[in-house]
1. Per Stokes-Einstein, at 37 °C and 0.692 mPa s, what whole-number D in µm² s⁻¹ belongs to the range 185-268, with the Kirkwood radius over Cα pairs as the hydrodynamic radius?
2. Can you pull out the chymotrypsin sites (Phe, Trp or Tyr not before Pro) in the range 131-226 whose DSSP state is coil and whose Cβ has at most 16 other Cβ atoms within 10 Å?
3. What FRET efficiency comes out for the pair residue 373/residue 216, r = Cβ-Cβ distance, R0 = 56 Å, nearest 0.05?
4. Please give the solvent-accessible surface of residue 346 in Å², to the nearest 10, using a probe radius of 1.4 Å with every protein chain present.
5. Please check which bits of the range 156-197 a label hung off residue 329 would reach, taking the label as a point 7 Å along Cα-to-C-beta and the cut-off as backbone N under 14 Å.
6. Along the Cα→Cβ direction, 7 angstrom out, place labels at residue 415 and residue 398. What is the inter-label distance in nm?
7. Counting other C-beta atoms within 10 Å, and keeping those with at most 14, which DSSP coil GluC sites (Glu not before Pro) do you find in the range 262-305?
8. Give me the one-decimal nm value for the distance between modelled label points at residue 209 and residue 45, 7 Å along each residue's Cα-to-Cβ direction.
Amino acid sequence: MSEMAEAIRELIEEKGVSEESVKQTVESALKAAYKKTFGTADNCEVQFADDLSDVSVYSRKVIVDGVYDPVTEIELEEAKQMSEDAEEGDEILILVDPKTFERSAVSTGKQAAHQGLNESFKNNLMTEYKDKIGEVIIGYYQREYNGNIYVDLGKVEGVLPRKHQSPRETYQKNDRIKAVIVDVRTTSSGIQLVLSRSDPRLVQSIVELEVPEIEDKTIEIFKIVREAGYRTKIAVFSNKDDVDPVGACVGLKGVRCQNISRELEGERVDFLCYDADPVTFIKNALSPAKVEKVLIMDEEKRLALAIVDNEDFSLAIGKQGQNVRLANRLCDWSIDVKTVEQAAEMDLSAFTNRKAAEDLFNTENTEPEEIESISELPGVDADVAAALKEAGYDDIQAFVDAYDEGSINIEGVTAEQLDAVNKILHEVVEFVEEEVEETPAEENEAEEEYFCPECGAKITLDMTKCPHCGVEFEFE
């Protein structure tokens, strides 16, 4: 293999550019040198050997009888010396030796080659990394300038701007840095990756590596919010009823959570359960504080009031308001935290859920809610409830009677689902036997007294003979 083929192979390996890109770069360089020498490159052709062992430069000229422009034209007689078949008006390729190019032309070609290779290298890197935005990459601390940290990533350089750094993290020469790629931008020497250590996607990547249940989709992350360097809240939920999402993420004795916190240089990490019900979700989001009540003040504006005991108030707010601020972002609600005493002084009648506000301070002597249908029961699967209603078993008493008899047979509803409904029913509903009131006729009959028509002795309806005088009688 010639020196040229070897050089092209090295370029392909070192720069990661394609063979076609290298050929285009060499062609552009030769044409630039040709143009510098002859004033135009319109009639310049570059041809490569199949094995890239050689490259030839040709000048394409028109055969004429009387040359006007020697760069683009050739005399017929001269052309016939090269080819006996040459005719006026034809085009012929004449080999040009690049060594005859002027020194300045060679310099121009060399500059064009460098520029072409750099552009090709830059484009390849841009194509490679633009699809990696959001992914985690590992590099090593290189230097710091104006608060920005420059990271050695191998083929490219990364920059960790001050705004994307965690405030409690410091680095020394060659320290390992794990960060998220948030942007890719071009520089004069190539491309530069913009990195972040404050992006929630970094936490997600660390959690996914630490918790295998997330990788196999048993547990899923709903949302992550954080104040980098201080605290992170992660809402998770389980796709299996028998798997506790928070317990799995925290790990035995908190080992998994500790490992995640260690990767974040000691940042506090809170796992909590996501719930589709905003009231429950807000309660969970304000953990570790215990929330007594959550009132939805304005559902459209997503305003909520969380009420806690005095001892939980500072815990719910958090240091410098951090806990409630993260809870707001996690739930996407504006949460106002009040103590029970503070809430009692507020005019809660203006709330959209006025009944809930009234119930807050009137928890005693409340009448139990009367439930008559299966669809009103909390926790019953909506599809199962709809199927029962369509089959005529929506009424609770009708369902109980049919369930006890084992006569419910609905397509698409399993025995386990019926058992679940029955279990919820007996956990939620208190069955009260109604007292049967006697009708006026029965009352009169029970209170009326009967006497013997002969002697006036008191008798009862089951008698046919007076026990006193012996007279026989018959009741109609």
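1. Rounded to a whole number, D works out at 234 µm²/s.
2. Those that pass, being in a loop and sparsely packed, are 171.
3. Between residue 373 and residue 216 the formula returns 0.90.
4. Accessible surface of residue 346 is approximately 60 Å².
5. Output list for this probe position: 164-167, 197.
6. 2.5 nm
7. 265, 299, 300
8. 5.7 nm
The values are calculated or read from the model by the stated rules, or taken from the named source; none is laboratory data. Everything numeric here is computed off the predicted structure, so don't read it as measured data. Positions of Cβ are backbone-derived with ideal geometry, glycine not excepted, and every protein chain shown enters the neighbour counts. To get the accessible areas, we keep the full protein, side chains included, count just its heavy atoms, and leave off ligands, DNA and RNA. Shrake-Rupley method; radii C 1.70, N 1.55, O 1.52, S 1.80 Å.
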